[in-house]
1. Rounded to two decimal places and with Rh computed the Kirkwood way over Cα pairs, what is Rg over Rh for segment 388-516?
2. Taking the beta-carbon count within 10 Å as an exposure proxy, list GLU477, GLU382, GLU492 from fewest neighbours to most.
3. Just order 234-242, 210-218 by mean Cβ neighbour count inside 10 Å, highest at the front, would you?
4. Starting from the amide H of ILE454, placed 1.01 Å from N in the peptide plane, find each other amide H under 5 Å away whose residue is 5 or more places distant or on another chain.
5. For VAL421 and HIS195, calculate 0.36 nm times their separation in residues minus their Cα-Cα distance, and state this gained length in nm to one decimal.
6. Please work out how much length the chain gains when fully extended from ARG39 to LYS131, using 0.36 nm per residue of separation minus the C-alpha to C-alpha distance, in nm with one decimal.
7. Compute the length gained on full extension between LYS305 and LYS138: take 0.36 nm times their separation in residues and subtract their Cα-Cα distance, giving the result in nm to one decimal.
8. Measure off 7 Å from each Cα along the Cα-to-Cβ vector at ALA57 and ASN400, then give the distance between these two points in nanometres to one decimal.
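Values quoted throughout were computed directly from the atomic coordinates according to the rules given, and no laboratory measurement underlies them. Only a predicted model underlies this, so the values are computations on that prediction, with no experimental measurement involved. So basically every Cβ, Gly included, is an ideal-geometry build from the backbone, and we count neighbours across all protein chains shown.
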Amino acid sequence: MTKKIDIKKIIFSILALTILIVFSKMMLRGSGISHPSVRDITLVCLFFIILSSSQKAYWLIGSIIVTIYALYTPIGLTFGTPTYQYLASLIATDALETAEFFTQIPLKNYLSILVIIGGFILFKKITNSKKIQFYKNKSLIICLIIIALIDQVPFRIFNEGYQSINSLQKELETLSPYTQKSSWGVSTLKNDEKHYDDYILIVGESVRRDYMGVYGYPINNTPFLSHTNGTIVDGLTAPGTNTISSLRLMLTLPNITEWAPNYGLNFIDLAESAGFKTYWLSNQGFIGEYDTPVSFIAARSSLKKFMKIGAYNSSNSSDFELLDIFKKELNTTVSKNQKRLFVIHLYGSHPDACARIEDFENKYLTKDDKYTNISCYVASIEKTDQLISKIYDALKSQENKNNRTFSILYFADHGLSHNLVDNKLKMSLSNSSTKILNIPLIKISSDDKDRNYIKSKKSGLFFTEGLANWLGINNAELKENYSLFSSLKDDEKYDPIEQYKGLSQDHDDAIDIREK
């Protein structure tokens, strides 16, 4: 037998819920929350629905809470949340000053008392008279709980997933206009500069320079970089605190005023516009052709090879595996006049550092387990040093064979900070300090005869400008002759340290683990 639908009860149920939502929102606004969230309102509604399951509890407990909120609401709507400062000043004033205080409150704010108390009473009267028992409606209660806990465990993953997808969608909307053509226009090669045939840009991962022997770390974990001829720059600062936020500014010509990337002016398109053949060899994740800013830039290359089709952590492949891929492409026959740009994106010292060196000996193990992760981090940098050495050897062999000159440029996207977890020090992006912005910059060319150590502040915002100069490219969008390797420091107003003043200013110095 079909159950008859009580239309009147449904209408009064909707009316009761509307009244509940209105006076709940007014209570929150009256407490000083000018824009209560859906979650906040839902929690208050859920509280009164549960409270309504008991007549005594609703009228006793509910009345006390509602009265306190109602009495404060005119003040809260005018002055905001209760603070020590103005409550103390109110208590300290005389009767006249107190009266003046209340005259500052608009009359309409006093009317909100009626909305709250009236709504509280009316909600209960309607639900009682029409025998509406929201607290017995399991579907309603479950929905309210899910809404209330949307940013809490166990529903946080859905909310964060939604927020991430929403942010990514906005990023993709920004990228979409540039998927067809470059915004660089015509580029030319400089005739008055020393040029090379092959350029290799090695993008390190999670390396801060004070943990490198070449920059003075007491353990020489960079035997190749510490002794080979080249130029070492002490002063490059990353414009972001993670891979995406940093590289999207370093590998495009950004709006330096707004700190915004310009994907139509990325450095791969710049090289292509000047006639370079470009290669992107990566041990990072690709995910999708235009799914991240970095993979978008990579996708502009003549040839791209990703060792991970999924996310960056979809597999634990070794950076050493990039070497054979690089050698194969390096030894592919091209015309003598064809310039090439190879981008080699490493997994480097990405957390967890110990997982990065499963195929590499850690010569720096400590007696104290507290420093195990630090020792792995130090060893992971040595592994990168060894890889750079092998890349250099492959290029030297190519030069001897085909007389192709070369230049290597190594830098990192960002560094890591120390984080104490269960009495063990970890290198991570948690508890970040400004040290994570201090990254290495080293250039090694086939004709280098000596070593140069340059201490000069360089902002990652101008990195593409510097890459253009390194590659010997002219373009109307670029400054003339901006060099990453000069002693001239960049304007301090573009110093990322200034942009990230909110980061911890604690010392967070590199830890010498020799006696640990």
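1. Values: Rg = 18.6 Å, Rh = 17.7 Å.
Checking Rg against Rh, the ratio lands at 1.05.
2. Values: GLU477 16, GLU382 23, GLU492 10.
With the fewest neighbours first, GLU477, GLU382, GLU492 line up as GLU492, GLU477, GLU382.
3. On the way: 234-242: 21.7, 210-218: 19.0.
Ranking, from highest mean packing down: 234-242, 210-218.
4. Under 5 Å from the amide H of ILE454: ILE232, VAL233, ASP234.
5. On the way: separation 226, 0.36 × 226 = 81.36 nm, distance 4.89 nm.
Full extension of this stretch gives 76.5 nm more.
6. Working: separation 92, 0.36 × 92 = 33.12 nm, distance 2.72 nm.
30.4 nm is the gain from fully extending ARG39 to LYS131.
7. Details: separation 167, 0.36 × 167 = 60.12 nm, distance 5.31 nm.
Contour length minus Cα-Cα distance gives 54.8 nm.
8. Going from the ALA57 label point to the ASN400 one covers 8.4 nm.
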